[in-house]
1. By how many nm would the segment from residue 39 to residue 271 grow when fully extended, if each residue of separation counts as 0.36 nm and the alpha-carbon distance is taken off?
2. For the chain, what is the percent of antiparallel DSSP beta bridges, rounded to the nearest 5?
3. Could you give the length gained by full extension between residue 214 and residue 185, i.e. 0.36 nm per residue of separation minus their alpha carbon distance, to one decimal place?
4. With a/c under 1.5 counting as rounded, go ahead and sort the stretch 32-147 into rounded, prolate or oblate using the C-alpha gyration tensor (a ≥ b ≥ c being the square roots of the eigenvalues; past the cut-off, prolate if a/b is larger than b/c, else oblate).
5. Place a point 7 Å from Cα of residue 136 in the direction of its Cβ. Which residues in the stretch 323-355 have their backbone N less than 11 Å from it?
6. About its Cα centre, how strong a charge dipole does the stretch 327-390 have in debye, to the nearest 20, once Lys and Arg get +1 and Asp and Glu get -1 at the Cβ?
7. Which of rounded, prolate or oblate describes the stretch 336-385 when judged by the alpha-carbon gyration tensor and an a/c cut-off of 1.5?
8. Take the cross-link list 157/183; 192/252; 131/308; 62/348; 42/159; 33/108 and give me the ones stretching past 29 Å between alpha-carbons.
Amino acid sequence: MLTHVLLFCFFYTFKKKSGQIESSFTTDVIRCKAAVAWEPNKPLVIEEIEVAPPQANEVRIKIVASSLCRSDLYLLREGKKDFNFPLVLGHEAAGIVESVGPGVTEFKQGDKVIPIFISQCRECRFCKSPKTNLCDNSVPVVRYEGMPEPDSRLTCKGKKLIQYMGTSTFSEYTVVNQNAVAKVDPAAPLDKVCLLGCGICTGYGAAVNTAKVEPGSTCAVFGLGAVGLAAVMGCKAAGAKRIIAVDTNPDKFDKAKEFGATEFVNPNDHDKPISQVLSDMTSGGVDYSLECIGNVGVMRSALESCVKGWGISVIVGFTNVHDLSTRPVQLLLGRTWTGSAFGGFKSKDGVQQMVKAYMDKKIKVDEFITHNLTLNEVNDAIELLKQGKR
Ligand code: CXF
Ligand code: ZN
């Protein structure tokens with residue numbers, strides 16, 4: 001069977017050093033294990049690394065559980081273009097605050113937290129607008145011309161390790177800016193809620209916040225990995241009547257049904273373009289479509305599967321290719337083509353809201369987990385995710 005999300009857990013008990021004061025600053029460097037990507041497209045190497053103490057406004061976190069997201073693999077494959085190496089991947093995790101730097105008031109040692117790749121400083125123009133979650137103080141997730149690499153607290157063999165997405169959770173410890181950390185319910189199981197650090201919020205929020213799916217509507221979700229399943233779950237929560245799950249791997253349909261999909265389409269079973277198939281099924285096109293793969297061809301199909309007049313298509317899957325196309329008439333006829341990162345959730349607020357929803361049993365999380373592995377098995381996790389063929 002296939003893989004939705006892989007989880008590897010570092011189960012440690014967190015112990016306070018005797019005599020340590022809870023919110024004291026530390027000057028200790030921690031030596032611990034991390035999975036280092038020395039170069040693109042090569043297996044990660046488990047190394048002993050040094051994790052510097054948190055500086056002003058930073059939090060050092062003991063990672064308890066981290067899952068693997070497809071964007072990590074994308075970077076490992078395409079990395080050289082966007083980021084230099086070596087780096088430490090991982091941006092979907094949960095842990096416990098080990099120490100805090102000067103200026104940190106929101107967190108103390110022992111707090112359960114989820115690091116996030118988008119910050120929420122609450123002060124910038126973007127944080128102040130209800131229209132976006134794209135805080136201006138987030139680290140660059142991909143590097144464009146002239147953009148500096150994010151600073152890093154991780155080193156190995158005398159080399160700085162780039163902290164991909166500012167998080168680098170494939171490490172026993174990491175350091176993250178306090179604006180990009182959400183405190184979570186002390187009762188939350190970290191080996192489950194780690195999934196709220198990316199995939200589930202990304203897919204669910206894309207349906208609920210970005211598309212703003214309406215009750216009684218018809219939706220199509222393209223790609224049934226973790227993000228797609230979360231999008232299906234979001235469409236269902238928003239009251240969609242029909243949720244059409246689209247994937248070239250029919251093994252994924254049972255799981256999609258569990259999450260709320262009502263119909264299933266494998267593009268390989270049809271001679272017609274998938275947009276035509278969906279248009280025929282829905283008398284002219286779906287109200288909402290969500291592309292959860294990161295493939296520009298599928299993005300176009302998703303848009304063209306929408307009904308004229310009011311159809312909304314959301315780009316959710318990540319790719320950094322430079323061109324995307326459709327016929328302008330598709331938009332002229334009233335379709336909206338949009339997208340979101342982290343499901344449009346203001347990052348800290350969104351994580352807390354989703355952890356609460358999980359604790360209140362309003363959303364599924366456990367059902368996304370297919371494997372439990374250790375950090376030492378990270379390359380097996382990568383292989384398993386690659387085999388989840390799409
Ligand atoms: C991210 C990937 C990098 C750009 C923003 C969205 N999604 C997470 O996996
Ligand atoms: Zn991700």
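1. In short, 79.4 nm is gained.
2. So the antiparallel bridges amount to about 55 percent of the total.
3. 7.4 nm
4. Values: a/c = 1.93, a/b = 1.17, b/c = 1.65.
In terms of gyration-tensor shape, oblate.
5. No residue passes the distance filter.
6. Numbers: 11 positive and 7 negative charges, 101 e Å.
Computed about the Cα centre, the dipole is about 480 debye.
7. Details: a/c = 2.38, a/b = 1.48, b/c = 1.62.
Oblate.
8. Beyond 29 Å: 157/183.
Laboratory data are not the source of any read-out in this text; all were calculated from the coordinates shown. Values in this document were obtained by computation on a predicted structure and should not be read as measured data. In this analysis, Cβ positions are derived from the backbone assuming ideal geometry, glycine residues included, and neighbour counts consider all displayed protein chains.
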